[in-house]
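Let me begin by presenting the structure, written as structure tokens, before commenting on it.
The values are calculated or read from the model by the stated rules, or taken from the named source; none is laboratory data. Computed from a prediction, not measured in an experiment: that's the story for all the values here. When we count neighbours, we look across all protein chains shown, and the Cβ atoms used for this are built from the backbone with ideal geometry, even at glycine.
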């Protein structure tokens, strides 16, 4: 009996550890990390917000006038961090849902991470593609599932910082369905960004026996330092 109890305990601990390490995109705390690796970077991921096994919930959105409203569909959270300024494109083209919401937000206080069981997280909305918005690009090779009502955000010269992407569906062109497969793509371009300046370092001590000085006419005079 004791061995059985220990086995169940170890199984529970193992399940908790695996669950804690996995990021399913169900909240700010469980946001799926996007690791930007080079000057031109692209990331795509698809999640089904209609899956019964997922813990996805609608997004509790705050508006500039101080009001709040739930999104119609459940959302997926992504997190990325940049150390320099760059141009970003985020979209939901190719999703199973024809109508999606898309939000780009940044923490009000980046030094405070989201808590595991917290219902909300203080953020500032930088850009959004919301219900009723429409975008039709004219210079892109579009997928078969493209819709002008699938989320699109262009964020040029986005400064270094921590950001979250929130993507969810809404009813309308989805035949009354707000949840389903949502494909989220992020494209980062740092090629036009100004590289950070090199740090100023103190000059090293000149220990060479050969020294140079200049006279009043600008002529260089070579001298030998006395040992």
Index of the failed condition, residue 4 passing every other in (1) more than 30 Å from residue 185 (Cα to Cα); (2) modelled with pLDDT of 50 or more: (2)
Of all residues in the range 90-108, which are surrounded by fewer than 19 Cβ atoms within 10 Å (Cβ to Cβ) and either within 11 Å of residue 127 (Cα to Cα) or touching a helix residue (DSSP H, G or I) at 6+ places or on another chain (Cβ under 7 Å) (or both)? 106
Could you please find all residues in the range 76-85 being part of a strand (DSSP E or B) and either at pLDDT below 95 or farther than 16 Å from residue 127 by Cα (or both)? 76, 81, 82
Condition broken by residue 124, with the remaining ones in (1) assigned to a strand (DSSP E or B); (2) surrounded by 13 or more Cβ atoms within 10 Å (Cβ to Cβ) satisfied: (2)
Find the residue count for the range 52-67, including only residues that are in contact with a strand residue (DSSP E or B) (Cβ under 8 Å, 6 or more places away or on another chain), at pLDDT 70 or above and either more than 19 Å from residue 131 (Cα to Cα) or surrounded by 15 or more Cβ atoms within 10 Å (Cβ to Cβ) (or both). 5
Given the structure, is residue 81 farther than 22 Å from residue 48 by Cα and touching a strand residue (DSSP E or B) at 6+ places or on another chain (Cβ under 7 Å)? yes
Those residues of the range 162-179 which are touching a strand residue (DSSP E or B) at 6+ places or on another chain (Cβ under 6 Å) and either crowded, with 19+ Cβ neighbours inside 10 Å or in a strand (DSSP E or B) (or both) amount to 162, 163, 164, 165, 166, 167, 168, 169, 170, 178, 179
